[in-house]
Amino acid sequence: MRTTLVRNIATLVTNDPTRGDGPLGLVQDAALVIEDDRIAWVGRTADAPAADEAVDAGGRAVIPGFVDSHSHLVFAGDRTQEFNARMSGQAYAAGGIRTTVAATRAASDEQLGANVARYIAEALRQGTTTQETKSGYGLTVADEARALRIAAEHTDEVTYLGAHILAPEYADDPAGYVALVTGEMLNACAPYARWVDVFCEKGAFDGDQARAILTAGKARGLLPRVHANQLTYGPGVQLAVELEAASADHCTHLTDADVDALANSATVATLLPGAEFSTRAQWPDARRLLDAGATVALSTDCNPGSSFTSSMPFCIALAVRDMRMTPDEAVWSATAGGAAALRRTDIGRIAPGARADLAFLDAPSHVHLAYRPGVPLVNEVWHRGRKV
């Protein structure tokens, strides 16, 4: 195995407090060694060991690659008109998903695969080295299965979301659709997925329906995650904690009991500020969750309806400006927090044994991600030990 030394790093974010200062484990004037696709050593440049080759970081900051633990990339078409109407005063509602369902069903496998590849590449250029994505725009057995098959060609973090909304054909038969999602559709989709998800929300699935869907998924070996409490107060967060879901995503409308449940569980509160930006909705209160002791992740929720962004740096800036997070907390949540939401320990940190996923910033500090919003600061990206 060849080794690569990266030296002259102004600030290295390790996310390992045992290796540097504060919760981010910051190391100044730092270096690291990559062996094959893993981190082999981390420390100060002055203490760096010899390696087969050396790379000069040029006084840039280096952070772990972003971990985007919530996106919806298997789709066709866009919803420009809906966005334009919303920015002109119309309210956001879950039913807009049906527009994308129609376009996705009509698209070819090649078109859908090209779209997924495009958005993953777009995110990679901005520092995202791990991408979760979901089905949910097919809502038939065949279309959900092909969505997951296509997604699995591009990422290991694939989520079955047959329970996104009721399929149009079942608008008057919700029980029949739940039976389909927990039966024939689940059987067809489970081989391609790691996770099962449900949109537990007014206009989508209620608590009893969501419990049945998640329980059936668990019985097939899929791990649960939940779209919870986005549009209104509801049972989603409590259900996520009850079923030991890896994450409750959105968490915009929380009672004190919801916050306490998250703080006293292993369920990560994944916040999606792009959705609030794109819908002009109430911002999640990250400060309240963090002060209570909950684990918080940040993600893009990249989708054509309510958050059409693949930019984790943009979401970091929003979280700091409008969700009362500190820059350190936002960067941690976009890296280590996302890894926790995917129950991964090999990503989201820069420490020996971790996968060598790195983002180099055209700045001396990670704080610039919030300090200079909208500026393309990611200078280069390393994925699995290789510059990409």
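The values are calculated or read from the model by the stated rules, or taken from the named source; none is laboratory data. None of the values given here were measured: they were computed from a predicted structure. For neighbour counting, all protein chains shown are included, and Cβ atoms are generated from backbone atoms with ideal geometry for every residue, glycine included. Keep in mind that these areas ignore ligands, DNA and RNA; they rest on the heavy atoms of the full protein, side chains included. Shrake-Rupley method; radii C 1.70, N 1.55, O 1.52, S 1.80 Å.
At a glance:
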| quantity | calculated |
| --- | --- |
| Value in Å of the Kirkwood radius, where segment 7-82 supplies the Cα pairs that are averaged | 14.6 |
| Nearby lysines by direct alpha-carbon distance to residue 134 (threshold 24 angstrom, same-chain neighbours under 8 apart not counted) | 202, 218 |
| Rh (Kirkwood; distinct C-alpha pairs) - segment 24-148, Å | 18.3 |
| Peptide ranges 271-277, 14-20, 317-323 listed from the most packed, as the mean C-beta count within 10 angstrom indicates | 271-277, 317-323, 14-20 |
| Residue order for 371, 160 - accessible surface, 1.4 angstrom probe, largest first | 371, 160 |
| Under-5 Å amide H pairs with residue 54, H placed in peptide plane, nonlocal only | 5 |
| Debye intensity ratio I(q)/I(0), log10, segment 162-262, q values 0.21 Å⁻¹ (C-alpha model) | -1.01 |
| Under 14 Å, Cβ to Cβ, from residue 236 - net charge with Lys/Arg +1 and Asp/Glu -1 | -4 |
| Order by protection proxy (mean Cβ within 10 Å, highest first), peptides 53-61, 81-89, 139-147 | 139-147, 53-61, 81-89 |
| Per residue value of the accessible surface for the chain (all protein chains in place, 1.4 Å probe), Å² | 38 |
| Size descriptor, Kirkwood hydrodynamic radius, that averages inverse alpha-carbon separations across segment 113-176, Å | 12.8 |
| Segment 60-104-segment 341-388 distance, computed between alpha-carbon centres (Å) | 24 |
| q = 0.13 Å⁻¹, segment 238-388: log10 I(q)/I(0) [Debye, one scatterer per Cα] | -0.59 |
| With every protein chain in place, segment 301-388: carbon and sulfur % of accessible area (1.4 Å) | 53 |
| The chain - Rg and Dmax from Cα coordinates, angstrom | 20.5, 69 |
| Alpha-carbon centroids, segment 21-46 and segment 215-229: separation in whole Å | 36 |
| Peptide ranges 250-260, 99-109, 355-365 listed from the most packed, as the mean C-beta count within 10 angstrom indicates | 355-365, 250-260, 99-109 |
